[in-house]
Structure formats: structure tokens, C-alpha cells
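Data first, discussion second: the structure below is written as C-alpha cells.
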Amino acid sequence: MDRPFVTATVEGVLHAPDSQPVDAIALTHGAGTNCDAPLLKRMAQALAANGYLVLRYNLPFRRARKGGPPHPSAAARDREGILQAVEALRGMVSGRVFAGGHSYGGRQTAMAAAENPDAAAGLMLFSYPLHPPAKPEQKRTAYFPDLRTPALFVHGTSDGFGSIEEMRAAIALIPAATALLPVEGAGHDLKRAPDLIADILEHFLIEG
């Protein structure tokens, strides 16, 4: 069952499992979409079917305007929005609260966790944008050594924002427990990821 979820600081859709949830996860979108992105919808449904309470939500930059990418100056505000979404879930379950996102949303979620180690119990990151396409020297990993939150990276083998080999090398910089789940043939949109929910949960190091 899903229903709109709107507060003074959070805007999204809440997916509840059939049984009483114990754990929850907040999922957010990439730079060019919103919380209604097909990947987020299907992942939220799949996670709810496996017992999670799931909030898929809009980042502050998307709440401010319907279209267009985020401006770098808005990144800190987006991270505040991530923390607010996680906090909104905390009072709804008796267990852990996880956080995740696709592309830009996943990157900002991981950065928020590095800045606030107690914010989330673990991270589920889809298509982490390791570097801009065709610019492998511009890696977005400066904060990786400060990330103490366990993280699962779900990444397509045809993702132009970083190869599987590049991802493995980058993730080695993270001192927390990590896992990398390659999705064969998938690009940055990771359309097939929800079909792999069993594998995702198996590799989600902080599951269970």
C-alpha cells in the first residue's frame, strides 16, 4: 500500500508492507528526475514486498522547481533534506532506518552519511556517479575515506559514469563494510535492478 507523505520538510510517497514493518529505508532520485522515477517506484514496491517501510521522496532542489538539474550550490541543502527524510522515518519503525538513492541522490546520501555517521544504519546506492562520462580523472571520491556507514553499490556494467573496475578501486577507499553488485549489461538508468531484489537484499550487508 502506498500513500502520499508530505510534511513541512519532506515530500514523497510512503510504501507500507502488508505486515508491521521493523526496518525502513528512504530512497531518493537522480539529477534529472523526481521521486516518481520508474526505478524508485519499482524498488520501493519490491522493498515493501520484503517487509520494509519505504519512503521515496523529492530532494529539496526538486521541490523548489519541477525541472532542470541541481545547482552545485544547492548540494548542502539537498543533504539536509536527506537527513530530514531519514528522521521522518525514525519514529515510524522499531528497527533500523536505511538510506539510499539513484545517481546524484545516492551520492548526496553517501555524503550526508559521511558527515553524519549515525544518520543511517546502511546505504543502498544505485548507479553511483563516480565521475562525469568520459572524464575518469574527475572522481567524486574525496569523502570516501570518511564514510563509516556500510554501503551496497548496485552498478550497471555499461554505466558511463564509472566502470565496474573503477568502482571496485574507488570503493576500496571506504573503511566501512561495502559490497558491489554488478548488473550485467545495464546502463546508468538501471532499469533491471528491481528484478534483482533477491540479490540486492542478499548483498545488503546490514540486512537481517
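Descriptive notes on the structure:
Here is a yes/no grid of residues against (1) within 30 Å of residue 20 (Cα to Cα); (2) surrounded by fewer than 24 Cβ atoms within 10 Å (Cβ to Cβ); (3) of a type in the set (Asp, Glu):
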| residue | (1), (2), (3) |
| --- | --- |
| 55 | yes, no, no |
| 65 | no, yes, no |
| 69 | no, yes, no |
| 74 | no, yes, no |
| 77 | no, yes, no |
| 80 | yes, yes, yes |
| 83 | yes, yes, no |
| 87 | yes, yes, yes |
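- Some residue of segment 148-155 being in a helix (DSSP H, G or I) and surrounded by fewer than 17 Cβ atoms within 10 Å (Cβ to Cβ): no
- Hits in segment 168-184 - residues which are in contact (Cβ under 8 Å) with a residue 24 or more places away in the chain and closer than 21 Å to residue 136 by Cβ: 170, 171, 173, 174, 178, 180, 182, 183
- Scanning segment 35-49 for residues that are surrounded by fewer than 20 Cβ atoms within 10 Å (Cβ to Cβ) and in contact with a helix residue (DSSP H, G or I) (Cβ under 6 Å, 6 or more places away or on another chain) gives a single hit, 42.
- Count of segment 141-195 residues which are more than 25 Å from residue 46 (Cα to Cα), in contact with a strand residue (DSSP E or B) (Cβ under 9 Å, 6 or more places away or on another chain) and of a type in the set (Val, Ile, Thr): 2
- Any hit, segment 48-62, residues being out of contact with any Cys (no Cβ under 8 Å at 6 or more places or on another chain), aliphatic (A, V, I, L, M) and assigned to a loop (DSSP other than H, G, I, E, B): yes
- Check on residue 136, more than 16 Å from the chain's Cα centre (by Cα), not charged (D, E, K, R) and not in a loop (DSSP other than H, G, I, E, B): no
- Note on segment 124-156: residues that are out of contact with any Ser or Thr (no Cβ under 8 Å at 6 or more places or on another chain), hydrophobic (A, V, I, L, M, F, W, C) and in contact (Cβ under 8 Å) with a residue 12 or more places away in the chain total 4.
- Taken together, the criteria place residue 26 among residues that are crowded, with 24+ Cβ neighbours inside 10 Å and within 16 Å of the chain's Cα centre (by Cα).
- The set of residues in segment 184-199 that are surrounded by 18 or more Cβ atoms within 10 Å (Cβ to Cβ), not small (Gly, Ala, Ser) and not in a helix (DSSP H, G or I) comprises 188, 189, 190.
- Candidates 32, 67, 91 - the one that is touching a helix residue (DSSP H, G or I) at 6+ places or on another chain (Cβ under 9 Å) and on the phi < 0 side of the Ramachandran plot: 32
- When segment 172-183 is limited to residues that are touching a Leu at 6+ places or on another chain (Cβ under 6 Å) and closer than 11 Å to residue 144 by Cα, the one that is surrounded by the fewest Cβ atoms within 10 Å (Cβ to Cβ) turns out to be 176.
- Residue under evaluation residue 162, criteria (1) of a type outside the set (Lys, Arg); (2) exposed (fewer than 15 other Cβ atoms within 10 Å of the Cβ); (3) more than 16 Å from the chain's Cα centre (by Cα); (4) part of a loop (DSSP other than H, G, I, E, B), criterion not met: (2)
Computed from the coordinates by the stated procedures, all read-outs in this text should not be read as laboratory data. Please read all numbers here as calculations on a predicted model, not as lab measurements. We place every Cβ from the backbone using ideal geometry, glycine too, and count neighbours over all the protein chains shown.
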